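I have a structure I would like to understand better, so I am pasting it below and will then ask my questions one at a time.
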Amino acid sequence: MSIKRSSQSHRKNMIRNYIWPVLTGLLLAALLLQLNREPSTQAVSPFVTSYADAVQVALPSVVNIYTSRTVQVESHPLLKDPVFKRFLNNNGIRQRDKIERSLGSGVIISSNGYVLTNNHVINEADRIRVLLADGRERLATVIGSDAPTDLAVLKIDLDNLTPAIFANPKTIRIGDVVLAIGNPYGIGQTVTQGIVSATGRHGLQINTYEKYIQTDAAINTGNSGGALVNAYGELIGINSGLYSKTGGSNGIGFAIPIDIASYVFENIVEHGKVVRGWLGISAEEITPSVAEAFNLKALRGLVLTDIETNGPAEKAGLQIGDIITHIDNTSVGNGNIGMHKIAQTKPGTTINIRAMRKGDAQDFLVEIGLRPNKKSD
């Protein structure tokens with residue numbers, strides 16, 4: 001028995017003294033090899049090397065638009081001189097027809113042929129030709145247009161169309177990568193890349209209703225009406241204009257966000273025009289200078305500067321000098337947000353407006369009217 005016990009004890013000592021150190025060394029060596037191994041670029045790289053997949057998704061939905069219109073011009077420049085015209089008493093002055101051509105871009109919105117573009121691309125055109133990315137082309141019919149947002153809807157008679165995939169407008173963030181697709185200078189479909197530089201841009205006095213996406217993706221003449229898409233190829237806006245002192249791209253372009261574009265599109269298809277809500281007011285956003293003029297403390301909202309006689313606001317009891325702070329319990333924030341909320345409220349809808357009057361908050365029930373064709377809201 002004593003010999004067995006001694007042998008077992010000897011084996012345990014050997015394991016403790018020799019085998020465990022060897023196993024431990026092997027484990028450490030394997031760990032060091034794992035740490036020193038080159039990492040997989042595909043697994044850990046934060047950089048995207050190509051947006052080809054996004055382009056492949058979006059490109060079939062973007063079209064080139066070519067327009068022409070006939071204008072009458074006098075046959076000789078001298079005939080434009082008013083003195084010369086008076087001498088001839090406007091008799092015998094001949095005019096000739098001149099064809100003016102323009103170009104732009106558009107986005108296929110539905111499989112049955114609706115195309116969204118800018119109003120200024122097709123305005124006053126006699127003939128509108130749409131060229132698809134696959135080479136097919138058709139003459140287009142204007143379904144309706146909306147100058148206050150600079151949008152228009154066309155219709156083409158073609159099958160097997162690829163409509164754009166809409167992004168969720170709430171997911172658009174400053175810094176997101178975007179691609180602008182269009183037909184700059186008529187050279188053909190072109191893709192430029194940049195980021196979202198800002199959102200909700202307004203006060204540019206380009207259109208009545210402004211809530212632009214600003215981007216540094218190059219937008220040039222001919223890009224108007226084209227697509228601004230995210231890194232997945234989803235449509236986030238309709239390219240509309242650029243800020244430039246030279247006529248070329250300076251890295252400040254503007255696109256109409258998809259929520260406004262969708263609202264305008266649906267209204268035009270359903271009604272042939274955009275139906276907007278109306279309060280019958282003129283208002284100014286409270287800026288530091290306005291606050292000083294009205295002796296206001298830190299307060300955000302809209303100061304009513306004029307009210308239409310017998311308009312919805314006057315009928316509800318609102319007065320000049322009232323400060324609208326909330327619409328249906330939602331803070332107005334700034335004048336642009338308030339204007340869009342009112343405009344997109346269906347006429348006949350009753351809303352609650354909270355306003356400050358002489359320091360006191362008051363609530364008013366207002367029935368939204370139909371916006372007439374004028375600048376007041």
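Return yes or no: is residue 241 under 21 Å from residue 115 (Cβ atoms), among the small types (Gly, Ala, Ser) and either at pLDDT below 95 or open to solvent by 10 Å² or more (accessible area, probe 1.4 Å) (or both)?
yes
Only residues in region 135-156 that are closer than 24 Å to residue 188 by Cβ count as the first member; pair them with residues that are part of a loop (DSSP other than H, G, I, E, B) and among the acidic types (Asp, Glu), Cβ under 8 angstrom, at least 6 apart or cross-chain, and list the lot.
Correct list of pairs: 138/157.
Starting from region 257-271, keep only residues that are among the hydroxyl-bearing types (Ser, Thr, Tyr) and open to solvent by less than 60 Å² (accessible area, probe 1.4 Å), then list their pairs with residues that are modelled with pLDDT under 95 and outside any helix (DSSP H, G or I) whose Cβ atoms are within a distance under 8 Å, requiring at least 6 positions of separation or different chains.
263/274; 263/344
For (1) assigned to a strand (DSSP E or B); (2) out of contact with any Ser or Thr (no Cβ under 8 Å at 6 or more places or on another chain), each residue gets a yes or a no:
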site: 306; (1), (2): yes, no
site: 315; (1), (2): no, yes
site: 321; (1), (2): no, yes
site: 325; (1), (2): yes, no
site: 341; (1), (2): no, no
site: 348; (1), (2): no, yes
site: 356; (1), (2): yes, no
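Also, I was wondering about something else. Has region 146-166 got at least one residue that is small (Gly, Ala, Ser) and under 12 Å from the mean Cα position of the chain (by Cα)?
Checked against the condition, which is being small (Gly, Ala, Ser) and under 12 Å from the mean Cα position of the chain (by Cα), region 146-166 yields no hits at all.
Separate question: Looking only at region 258-279, how many residues end up being farther than 26 Å from residue 171 by Cα and not in a helix (DSSP H, G or I)?
6
Hey, can you tell me all the residues within region 209-224 that are assigned to a loop (DSSP other than H, G, I, E, B), open to solvent by 10 Å² or more (accessible area, probe 1.4 Å) and touching a Phe, Trp or Tyr at 6+ places or on another chain (Cβ under 8 Å)?
220, 221 - these are the residues of region 209-224 that are assigned to a loop (DSSP other than H, G, I, E, B), open to solvent by 10 Å² or more (accessible area, probe 1.4 Å) and touching a Phe, Trp or Tyr at 6+ places or on another chain (Cβ under 8 Å).
Restricting attention to region 103-130, report how many residues are on the phi > 0 side of the Ramachandran plot and of a type in the set (S, T, N, Q).
0
Would you pick out the residues in region 121-161 that are open to solvent by 60 Å² or more (accessible area, probe 1.4 Å) and outside any strand (DSSP E or B)?
123, 124, 126, 134, 136, 147, 157, 159, 160
OK, next. For region 331-361, give me the residue count where each residue is surrounded by 13 or more Cβ atoms within 10 Å (Cβ to Cβ) and either within 25 Å of residue 262 (Cβ to Cβ) or free of Cβ contacts under 8 Å to residues at least 24 places away in the same chain (or both).
Total satisfying the criteria: 17.
The values are calculated or read from the model by the stated rules, or taken from the named source; none is laboratory data. These numbers were taken from a predicted model, which means no experiment stands behind them. Cβ: placed from backbone, ideal geometry, glycine included. Neighbour counts: every protein chain shown. Areas reflect the complete protein model, heavy atoms only, side chains present, ligands, DNA and RNA absent. Shrake-Rupley method; radii C 1.70, N 1.55, O 1.52, S 1.80 Å.
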